[in-house]
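J.: Got a structure for you, written out below as structure tokens; questions coming shortly.
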There are 2 protein chains.
Amino acid sequence: MLETFYFGAGPATLPTTILDKIKNELVDHRGTGLSVLELSHRSEEFMEMLDQAENLLRELMGVSNEYAVLLLHGGATAQYSMLPLNFLHQGDSADYICTGHWSIKACQEAKKFASINAIQALADSELIVVKPVENWGLKQQSSYIHYCDNETINGVVNDIAGMESFNSKDAALFCDMTSSILTRPIQVKNYGLIYASTQKNLGISGLCVMVVKKELLSKGCENIPRVFDYKKCFEARSLVNTPPIFAIYVLGLMLNWLKEEGGVIEMNKRGQLQAKALYDVIDSSEIFKNRVAVKYRSCVNIPFEIEDKVLQAKFLQQAENHKLLGLRGHRSVGGVRVSLYNAMPKQGVINLLEFMREFELSHE
Amino acid sequence: MLETFYFGAGPATLPTTILDKIKNELVDHRGTGLSVLELSHRSEEFMEMLDQAENLLRELMGVSNEYAVLLLHGGATAQYSMLPLNFLHQGDSADYICTGHWSIKACQEAKKFASINAIQALADSELIVVKPVENWGLKQQSSYIHYCDNETINGVVNDIAGMESFNSKDAALFCDMTSSILTRPIQVKNYGLIYASTQKNLGISGLCVMVVKKELLSKGCENIPRVFDYKKCFEARSLVNTPPIFAIYVLGLMLNWLKEEGGVIEMNKRGQLQAKALYDVIDSSEIFKNRVAVKYRSCVNIPFEIEDKVLQAKFLQQAENHKLLGLRGHRSVGGVRVSLYNAMPKQGVINLLEFMREFELSHE
């Protein structure tokens, strides 16, 4: 019988060892007589979970004590909505680099509360290309520059080296890393703030991880809802109100798994190999087309199309029959999308590539 | 061996049948080959869950089609922070009835964004007493009147009949029902908006249920973060962004369980009986003291003190030895607190009362 593999863009596949662990300790959490679903956020057991998740994140990402680690409600969407309230005082402005759906959304939300310099950073070309940083028209006196590291819908990565070099400038670098966090090494010290929803690489939905320079929190702003006031969240160790406990528990399990699997270096190695194998099949194919220029191709979200839409529908249907699930592209663009987050097993990619090759052979 | 019972105020105890069900279908959700933790919020399986949760809530609470049911991020704290942004236009004001910790917090958050009439509704007396509604000094032209139905920390309920009679006035009634939702019948038509975090009577933390009159949404306000814009949430069927899927799944299980157990009428009957039995033990005791006037006593959160703090510490320790957990009062007030939400089994209350009687006998 074929094994099921799930390529959804988020919520995403979880390691089976983690699912088994959750199942096994669900009714009696580590001898407490309680389920993790019943545990108080003031209990020793939960505080231990919180500590462990924070410490593992610091270790795996290389986060120094100059940074706070916050665990917040509502996913990346709630948090990018709150960035201007937290960091822009009266008269301040920020640059927002728009490279796709998510960075545009963050920009739209920011505009509700502050003066924003929206930068259209995609070149006007047939293939998707991110313009060189020097052509962006960054403002001189922005408080921060916001960008999305990896756009999940079109599978586009930003000019990372270019972005990280900004650390020498005045503006702090704010990055939505929801889809790419812990898939490759980064230099946290180059960033002012990094945030990521957890339903892709870090567990399940309903939680957002934030790494933010403490220095940036010290200013503080007024009139922010307390539960989204990062200074208050930091002071309260992310316990301003009842946190999403189960999502934090799963985050801890994911980080622990990641460490055991070899950490970010290993994840990056695997991810690069898997993505290369998939792009090779696409690029050598007559029917699969990816629209992103090689330099800006994502290793975690790999979309492609089949021009003949009847054939594309057949592809998706047959993939499901082969237990290759979650391959439908985002409803705004259609097509096919393969998401290869850290938890994707090697066998999943092998089965997918084999299926793609066979599909092409039988439809030449 | 003694069975464990958990009296925590939230996160709270869950029915063991639900824990077993979650455990049993965790790895393969109803034949999908995926875990519920991996399911997409755009999948048929999740849409079915969402429909079912909404329909059950409508059925159990008696919610008509004049009302929208929203499932929102961040718990009641995030949502009470967003009420003024959603419902108060420039120049509007609202009355906030303060009867304890939670209603005061909601009031403080509202003040950040609007003109608020804060009403201190507790009388200046030895026992905790809520002032009669006619003495509150409600404003004539408030857009809404906000109150907390049941204050969990001191175990105080509001003057419900008095509050519900406001439906004849212009101001809409907004109620935080986090701790009391579905524990007794209410007339939804008397309210403009009802909201409740799910970690007490409706499952786990990280989710907030909202029932709101559609007519109130139609006005709309500007510059609200999209994910907390109730009009947008309604239009998007609570899927403005990735929702807390697992918490919604548990909500559905809880609502289903509640229906099977006999619904709100039955819950109210059980709850009243259990609370009466506990208050009887307290009131006939020489050592346990509850500080709330009878008329305003909560049936779901029942706090009491033992004057001798050494004895109180001993009580809490011995209770733990008897597998009666989660009895410590809120850290702001100390003491003992018994939370009797819908999922508390009868045997839990029996064991607790027996323990209390024995404790008193051995410490006369």
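The values are calculated or read from the model by the stated rules, or taken from the named source; none is laboratory data. These figures come from a predicted structure and were not determined experimentally. Don't worry about glycine lacking a Cβ; one is built from the backbone with ideal geometry, like all the others, and counts go over all protein chains shown.
J.: Being surrounded by fewer than 23 Cβ atoms within 10 Å (Cβ to Cβ), over 16 Å from the mean Cα position of the chain (by Cα) and assigned to a helix (DSSP H, G or I): is that true of B:Asn256 here? It would help to see each step written out before you state the result.
T.: Details: surrounded by fewer than 23 Cβ atoms within 10 Å (Cβ to Cβ): yes; over 16 Å from the mean Cα position of the chain (by Cα): yes; assigned to a helix (DSSP H, G or I): yes.
In short, yes.
J.: Select, from B:Asn351, B:Asn321, the only residue that is within 30 Å of A:Leu239 (Cα to Cα), of a type in the set (S, T, N, Q), over 20 Å from the mean Cα position of the chain (by Cα) and within 14 Å of another protein chain (Cβ to nearest Cβ).
T.: Values: B:Asn351 fails: within 30 Å of A:Leu239 (Cα to Cα).
The conditions single out B:Asn321.
J.: Considering B:Glu54, B:Glu38, B:Glu66, which residue is among the charged types (D, E, K, R) and farther than 21 Å from A:Gly74 by Cβ?
T.: Details: B:Glu54 fails: farther than 21 Å from A:Gly74 by Cβ; B:Glu38 fails: farther than 21 Å from A:Gly74 by Cβ.
Criteria check complete, one pass: B:Glu66.
J.: Next up: Just name the residue that is farthest from B:Lys232 (Cα to Cα) out of those in the stretch A:109-139 that are surrounded by 17 or more Cβ atoms within 10 Å (Cβ to Cβ), within 14 Å of another protein chain (Cβ to nearest Cβ) and under 24 Å from the mean Cα position of the chain (by Cα).
T.: Result: A:Ile116.
J.: Within the bounds of the stretch A:198-209, is there any residue that is within 12 Å of another protein chain (Cβ to nearest Cβ), more than 19 Å from A:Thr152 (Cα to Cα) and surrounded by 24 or more Cβ atoms within 10 Å (Cβ to Cβ)?
T.: Within the stretch A:198-209 (the criterion being within 12 Å of another protein chain (Cβ to nearest Cβ), more than 19 Å from A:Thr152 (Cα to Cα) and surrounded by 24 or more Cβ atoms within 10 Å (Cβ to Cβ)), the answer is no, since none of the residues qualifies.
J.: Could you run through the stretch B:291-313 and say how many residues are in contact (Cβ under 8 Å) with a residue 40 or more places away in the chain and closer than 21 Å to B:Tyr6 by Cβ?
T.: 6
J.: Pull up the stretch B:221-233, narrow it to residues that are more than 10 Å from every other protein chain (Cβ to nearest Cβ) and touching a Phe, Trp or Tyr at 6+ places or on another chain (Cβ under 9 Å), then point me to the one that is farthest from A:Gln79 (Cα to Cα).
T.: Among residues in the stretch B:221-233 that are more than 10 Å from every other protein chain (Cβ to nearest Cβ) and touching a Phe, Trp or Tyr at 6+ places or on another chain (Cβ under 9 Å), the one farthest from A:Gln79 (Cα to Cα) is B:Cys221.
J.: Scan the stretch A:238-254 residue by residue and report those that are more than 11 Å from chain B (Cβ to nearest Cβ) and among the hydroxyl-bearing types (Ser, Thr, Tyr).
T.: A:Ser238 - this is the single residue of the stretch A:238-254 that is more than 11 Å from chain B (Cβ to nearest Cβ) and among the hydroxyl-bearing types (Ser, Thr, Tyr).
J.: Just a yes or no: is a residue in the stretch B:105-116 polar (S, T, N, Q), at pLDDT below 95 and in contact with a strand residue (DSSP E or B) (Cβ under 7 Å, 6 or more places away or on another chain)?
T.: The initial filter retains those residues of the stretch B:105-116 that are polar (S, T, N, Q), namely B:108, B:115.
Applying the additional criterion that residues be at pLDDT below 95 yields B:115.
Checking the rest, the ones that are also in contact with a strand residue (DSSP E or B) (Cβ under 7 Å, 6 or more places away or on another chain) come to B:115.
Checking the stretch B:105-116: at least one residue is polar (S, T, N, Q), at pLDDT below 95 and in contact with a strand residue (DSSP E or B) (Cβ under 7 Å, 6 or more places away or on another chain).
J.: Also: Just for the stretch B:295-327: of the residues that are polar (S, T, N, Q) and surrounded by 22 or more Cβ atoms within 10 Å (Cβ to Cβ), which one is farthest from B:Pro132 (Cα to Cα)? First the steps, then the outcome.
T.: Residues of the stretch B:295-327 polar (S, T, N, Q): B:298, B:301, B:312, B:317-318, B:321.
Subset that is surrounded by 22 or more Cβ atoms within 10 Å (Cβ to Cβ): B:298, B:301.
Values: B:Ser298: 17, B:Asn301: 22 Å.
If we take residues in the stretch B:295-327 being polar (S, T, N, Q) and surrounded by 22 or more Cβ atoms within 10 Å (Cβ to Cβ), then B:Asn301 is farthest from B:Pro132 (Cα to Cα).
J.: Among the residues of the stretch A:280-315, what is the count of those that are in contact with a helix residue (DSSP H, G or I) (Cβ under 8 Å, 6 or more places away or on another chain) and among the hydroxyl-bearing types (Ser, Thr, Tyr)?
T.: Looking only at that region, the number is 2.
J.: Kindly indicate whether any position in the stretch B:73-84 is out of contact with any strand residue (DSSP E or B) (no Cβ under 6 Å at 6 or more places or on another chain) and away from chain A (no Cβ under 11 Å).
T.: No: the stretch B:73-84 contains no residue that is out of contact with any strand residue (DSSP E or B) (no Cβ under 6 Å at 6 or more places or on another chain) and away from chain A (no Cβ under 11 Å).
J.: Restricting the stretch A:1-30 to residues that are of a type in the set (D, E, K, R) and free of Cβ contacts under 8 Å to residues at least 40 places away in the same chain, which is nearest to the other protein chains (Cβ to nearest Cβ)? Walk me through it before giving the result.
T.: First, pick out the residues of the stretch A:1-30 that are of a type in the set (D, E, K, R): A:3, A:20-21, A:23, A:25, A:28, A:30.
Next, only the ones that are free of Cβ contacts under 8 Å to residues at least 40 places away in the same chain stay: A:20, A:23, A:25, A:28, A:30.
Details: A:Asp20: 7, A:Lys23: 5, A:Glu25: 10, A:Asp28: 9, A:Arg30: 13 Å.
Of everything passing the filter in the stretch A:1-30, A:Lys23 is nearest to the other protein chains (Cβ to nearest Cβ).
J.: Tell me yes or no: at least one residue of the stretch A:143-153 is assigned to a loop (DSSP other than H, G, I, E, B), within 12 Å of chain B (Cβ to nearest Cβ) and among the hydroxyl-bearing types (Ser, Thr, Tyr).
T.: Let us first name the residues in the stretch A:143-153 that are assigned to a loop (DSSP other than H, G, I, E, B), namely A:143, A:149, A:152-153.
Those left that are additionally within 12 Å of chain B (Cβ to nearest Cβ): A:152.
Narrowing further to those that are among the hydroxyl-bearing types (Ser, Thr, Tyr): A:152.
Yes, the stretch A:143-153 contains at least one residue that is assigned to a loop (DSSP other than H, G, I, E, B), within 12 Å of chain B (Cβ to nearest Cβ) and among the hydroxyl-bearing types (Ser, Thr, Tyr).
J.: A further question follows. Among the residues of the stretch A:27-38, is any under 14 Å from A:Leu251 (Cβ atoms) and surrounded by 20 or more Cβ atoms within 10 Å (Cβ to Cβ)?
T.: Step one: of the stretch A:27-38, the residues under 14 Å from A:Leu251 (Cβ atoms) are A:36.
Filter once more, so that each one left must be surrounded by 20 or more Cβ atoms within 10 Å (Cβ to Cβ): A:36.
There is at least one residue in the stretch A:27-38 that is under 14 Å from A:Leu251 (Cβ atoms) and surrounded by 20 or more Cβ atoms within 10 Å (Cβ to Cβ).
J.: For the stretch A:72-108, which positions are over 17 Å from the mean Cα position of the chain (by Cα) and at positive phi?
T.: Across the stretch A:72-108, the qualifying residue is only A:Gly91.
J.: Within the stretch B:168-247, which strands (runs of 3 or more DSSP E) (wholly inside it) include 1 or more residues that are modelled with pLDDT of 95 or more, under 28 Å from A:Arg331 (Cα atoms) and assigned by TED's automatic domain parsing to the domain that holds B:Ser103? Write out each step before concluding.
T.: On the way: elements: B:172-176, B:193-197, B:207-213.
Strands (runs of 3 or more DSSP E) meeting the threshold: B:207-213.
J.: Select from the stretch A:325-364 the residues that are part of a loop (DSSP other than H, G, I, E, B), among the aliphatic types (A, V, I, L, M) and over 22 Å from A:Asp308 (Cβ atoms) and list them in ascending order. Spell out the reasoning first.
T.: First pass over the stretch A:325-364, keeping only residues part of a loop (DSSP other than H, G, I, E, B): A:326-327, A:329-335, A:340-345, A:362-364.
Now drop any that are not among the aliphatic types (A, V, I, L, M), which leaves A:327, A:333, A:340, A:343-344.
A:Leu340, A:Ala343, A:Met344 - these are the residues of the stretch A:325-364 that are part of a loop (DSSP other than H, G, I, E, B), among the aliphatic types (A, V, I, L, M) and over 22 Å from A:Asp308 (Cβ atoms).
J.: Select from the stretch B:347-358 the residues that are of a type outside the set (Asp, Glu) and without any contact (Cβ under 8 Å) to a residue 60 or more places away in the chain and list them in ascending order. Even if it seems obvious, please write down each step before you answer.
T.: Residues of the stretch B:347-358 of a type outside the set (Asp, Glu): B:347-353, B:355-357.
Scanning the stretch B:347-358 gives B:Ile350, B:Phe355.
J.: Which pairs have Cβ atoms under 6 Å, sit 6 or more apart or on different chains, and link a residue in the stretch B:327-346 that is assigned by TED's automatic domain parsing to the domain that holds B:Leu273 to one that is among the basic types (Lys, Arg) and assigned to a strand (DSSP E or B)?
T.: B:Gly329/B:Arg337
J.: Moving on to the next point. Out of all the residues in the stretch A:46-104, which are of a type in the set (S, T, N, Q) and not in a loop (DSSP other than H, G, I, E, B)? Please lay out each step first, then the result.
T.: Filtering the stretch A:46-104 down to residues of a type in the set (S, T, N, Q) leaves A:52, A:55, A:64-65, A:77, A:79, A:81, A:86, A:90, A:93, A:99, A:103.
Hits for the stretch A:46-104 are A:Gln52, A:Asn55, A:Thr77, A:Gln79, A:Ser81, A:Asn86, A:Ser93, A:Ser103.
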